[in-house]
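Notes to accompany the following structure.
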Amino acid sequence: MLVSSALFALAAVAEIGGAWLVWQAVREGRPWWWAGLGVMALGAYGFVAAYQPDPHFGRVLAAYGGVFIIGSLAWGVVVDGFRPDRWDLAGAAICLLGVALIMFAPREG
């Protein structure tokens, strides 16, 4: 569980950070090489996700969707000064529960 959680956190930083770098280049007028760094970070995300201990691509990516939602809100708070409202926080909590169920629920076989 610790390895999986660490990989999800690293994947979130790579994907969200990569998308943010591209956003900055395209929407905020940052230099073009910011987008290049973003593309490299997005590629790194794919490799990080592949190291999840669970062998099922669909399960890993489905659970990561919840991590992405939570990570995106956190990125917005830390980097862009975004303040989530109670509905954002409630939705994030529901997503976190979904991640836990998908990745860590006991399974038969």
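Taking only the alpha-carbon positions of the stretch 8-73 and ignoring solvent, what does the Debye formula give for the base-10 log of I(q)/I(0) at q = 0.24 Å⁻¹?
Log-scaled intensity ratios, in q order: -0.94.
Give, as ranges by residue number, the residues of the stretch 17-36 whose backbone N falls under 14 Å from the point 7 Å along Cα→Cβ of Ala74.
17
Counting only residues 5 or more places away or on other chains, whose amide H sits under 5 Å from the amide H of Arg30 once H atoms are built in the peptide plane?
Ala25
According to the square roots a ≥ b ≥ c of the eigenvalues of the Cα gyration tensor, what is the shape class of the stretch 45-109, taking rounded for a/c under 1.5, prolate for a/b larger than b/c otherwise, and oblate for the remainder?
Details: a/c = 4.09, a/b = 1.66, b/c = 2.46.
The shape class here is oblate.
Once the Cα atoms of helix 2-27 and of the chain are each reduced to a long axis, what angle between those two axes, in degrees from 0 to 90 to the nearest 10, is obtained?
Between helix and principal axis, roughly 30 degrees.
Show me the chymotrypsin sites (Phe, Trp or Tyr not before Pro) within the stretch 11-104 that DSSP assigns to loop and that have at most 10 other Cβ atoms within 10 Å of their Cβ.
Sites meeting the loop and neighbour criteria: none at all.
Mind checking which of Gly38, Gly18, Gly91 has the largest fluctuation in a GNM of the chain, springs on alpha carbons under 10 Å?
Checking each option, the largest mean-square fluctuation is seen for Gly91.
Please state the relative contact order of the stretch 1-103 as a whole percent: Cα pairs under 8 Å, 6+ residues apart?
28
Spelling out what I want: for every residue of the stretch 102-107, take phi, set θ = phi - 60°, compute 6.51 cos²θ - 1.76 cosθ + 1.60 (Karplus), and round to whole Hz; glycine and proline get x.
Per residue, the Karplus-derived 3J(HN,Hα) values read 5, 8, 10, 5, x, 10 Hz.
In deg cm²/dmol, rounded to 500, what helix-only [θ] at 222 nm does the chain give when every DSSP H run of at least 4 residues adds -39500 (n - 2.57) and the total is split over its residues?
After summing the helix terms and dividing by residue count, I get -28000 deg cm²/dmol.
Might you tell me the accessible area per residue for the stretch 1-48, computed with a 1.4 Å probe and given in Å²?
Ligands and nucleic acids excluded, the result is 62 Å² per residue.
At 1.4 Å probe size, with the rest of the protein present, what percent of the exposed accessible area of the stretch 1-78 is carbon and sulfur atoms? Intermediate results must be reported in sequence, preceding the final value.
Working: 3540 of 4640 Å².
Using a 1.4 Å probe with all protein chains present, the stretch 1-78 comes out at 76 percent carbon and sulfur.
Show the residues, 5+ positions off or on another chain, whose built amide H is closer than 5 Å to the amide H of Phe82.
Val77
Picking from Ile16, Ile70, Ile94, which is most flexible by a Gaussian network model of the chain using Cα springs under 10 Å?
In this elastic network of the chain, the residue with the biggest mean-square fluctuation among Ile16, Ile70, Ile94 is Ile94.
The values are calculated or read from the model by the stated rules, or taken from the named source; none is laboratory data. Since the model is a prediction, treat every value here as computed from it, not as a measurement. Here Cβ is always computed from backbone atoms with ideal geometry, including for glycine, and neighbour counts include all displayed protein chains. Keep in mind that these areas ignore ligands, DNA and RNA; they rest on the heavy atoms of the full protein, side chains included. Shrake-Rupley method; radii C 1.70, N 1.55, O 1.52, S 1.80 Å.
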